[in-house]
1. Quick one: net charge around Ala87, please, counting Lys, Arg +1 and Asp, Glu -1 for every other residue with C-beta under 11 Å from its C-beta.
2. Loop only per DSSP, at most 10 neighbouring Cβ atoms within 10 Å: give me the GluC sites (Glu not before Pro) in the stretch 213-317, ordered by residue number.
3. Want the number for Leu309 to Ser279: 0.36 nm per residue separation, take away the alpha-carbon distance, what's left?
4. Among Ala261, Ala282, Pro292, pick out the residue whose Cα is farthest towards the positive end of the charge dipole of the stretch 250-295, where Lys and Arg carry +1 and Asp and Glu carry -1 on C-beta, about the Cα centre.
5. Taking every eigenvalue of the Cα gyration tensor of the stretch 150-220, multiplying by 5 and rooting it, what semi-axes result, largest first, whole Å?
6. If the convex hull of the alpha-carbon atoms of the chain is projected onto planes in all directions, what is the mean projected area in square nanometres?
7. Show me the ranking of peptides 127-140, 2-15 by mean Cβ neighbours inside 10 Å, starting with the highest.
8. Compute the relative contact order of the stretch 28-186 as a whole-number percentage, counting only Cα pairs closer than 8 Å that sit 6 or more residues apart in sequence.
Amino acid sequence: MPTICYGDVSVTLNESETVLEALIRAGINTPHSCRVGACHSCLVRAVSGSPPPASQKGLKASLVQKGYFLACTAQLEADLVVGPAAADDVSVSGRILTVESLSKTVFLVRVQLNGSFEFKAGQFINLVRSDGLVRSYSVASLPNGQGQIELHVREIPGGRMSGWLCRGEALGASIEVRGPAGDCFYLGYADENLLLVGAGTGLAPLLGISRDAIRAGHQGRLVVYHGGLDERGLYLTDELRRLDDTHDFLTYEPCVLRGDAKPGLHVGPIDQIVLDQHSELADWRIYLCGDPDLVLGLRKKLYLAGANLSRIHADAFLSAPS
Ligand SMILES: Cc1cc2nc3c(=O)[nH]c(=O)nc-3n(C[C@H](O)[C@H](O)[C@H](O)COP(=O)(O)OP(=O)(O)OC[C@H]3O[C@@H](n4cnc5c(N)ncnc54)[C@H](O)[C@@H]3O)c2cc1C
Ligand code: FES
């Protein structure tokens, strides 16, 4: 079986073991979260040897060139010398600037970055706390020239990162920001029709994409479906209604699973509402963000309903296994 060398530690992989599992087994503190290739928090670098191409899927070309790969999806066929990600390659330092309530459970977290950081609204970044805890959050704001980014964070009961951020303990704290990653961002094709669907904080990337489309003077249609369990699960409704009122191409469609039907509010499963309202999907570009069950389920349903898979961009907010 192949062997990994990490500093002066050498570990031989077990059958079907990933590089991340082997590093953890060897007691090497390797940041990680989802363990399935979605969050990019387990980025490491091949110092010598070639990482499997499948473990470099979704990484920027500049990182691939430098030998970076995702430890959680890497199963090796040959020995590899592995090292940690170099801060200069993948991250910028910052601090938690403000934390504001958007609803009872969702908070707007503004991060001040200390250096240049190229990103597109809608992509996700990884916040790395000083104790090494790392979690992904999608960027709702446009690059603003002041080095600030806005995140929507839902407070999860018992959640280590979200609790720390949302309860205000993090205010003023230093944080490392890694990334960006993900392909949920506005591509700049002004005439395309865009269908944006998300539940909960899945709104963050959709708002980022909408803001970028407005900035670019988008000409095609842009329809945002945002879902919550009930009306308390929706947030930024006034801002989204204002965008709908002031931009002819943009439509905001709030959806709740439970509640009384009223004008301007859909009641029912968001996936069914979307499918009922859109039958001609082949030419639409589609963005699906947030709850993994909704994102992965709706991706399949939309494909079966005629959407083009290469035009569906999805970020499932997968959490770390308990
Ligand atoms: C690509 C990507 C983008 C993301 N973007 C966002 C975003 O914009 N906003 C946002 O709020 N989150 C986002 N997430 C989720 C985020 O990274 C964290 O998983 C989340 O904040 C929970 O982390 P935690 O440390 O607070 O909880 P943990 O300490 O990891 O978990 C505590 C407990 O809560 C459970 N748990 C974790 N998440 C959930 C959940 N969603 N629902 C129910 N139980 C849960 C865990 O299983 C565990 O038992 C994203 C994830 C990915 C992969
Ligand atoms: S991508 Fe490896 S832990 Fe999430």
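1. Values: positive: Arg178; negative: Asp88, Asp89, Glu176.
Net of charged neighbours comes to -2.
2. On the way: sites: Glu231, Glu239, Glu280; in loops: Glu280.
Sparse-neighbourhood loop GluC sites (Glu not before Pro): Glu280.
3. Values: separation 30, 0.36 × 30 = 10.80 nm, distance 1.54 nm.
Full-extension gain reported as 9.3 nm.
4. Positive-end residue among those listed: Ala261.
5. Working: eigenvalues 184, 38, 20 Å².
For the stretch 150-220, the ellipsoid semi-axes come out as 30, 14, 10 Å.
6. Details: hull surface 68.0 nm².
One quarter of the hull surface, i.e. the mean projection, equals 17.0 nm².
7. Numbers: 127-140: 20.5, 2-15: 14.4.
Descending mean neighbour count gives 127-140, 2-15.
8. Numbers: 335 pairs, mean separation 38.2, N = 159.
Contact order relative to length: 24 percent.
Only the coordinates and a few stated rules stand behind these numbers; no lab work does. Just so you know, these numbers come straight off a predicted model, no measurement behind them. When we count neighbours, we look across all protein chains shown, and the Cβ atoms used for this are built from the backbone with ideal geometry, even at glycine.
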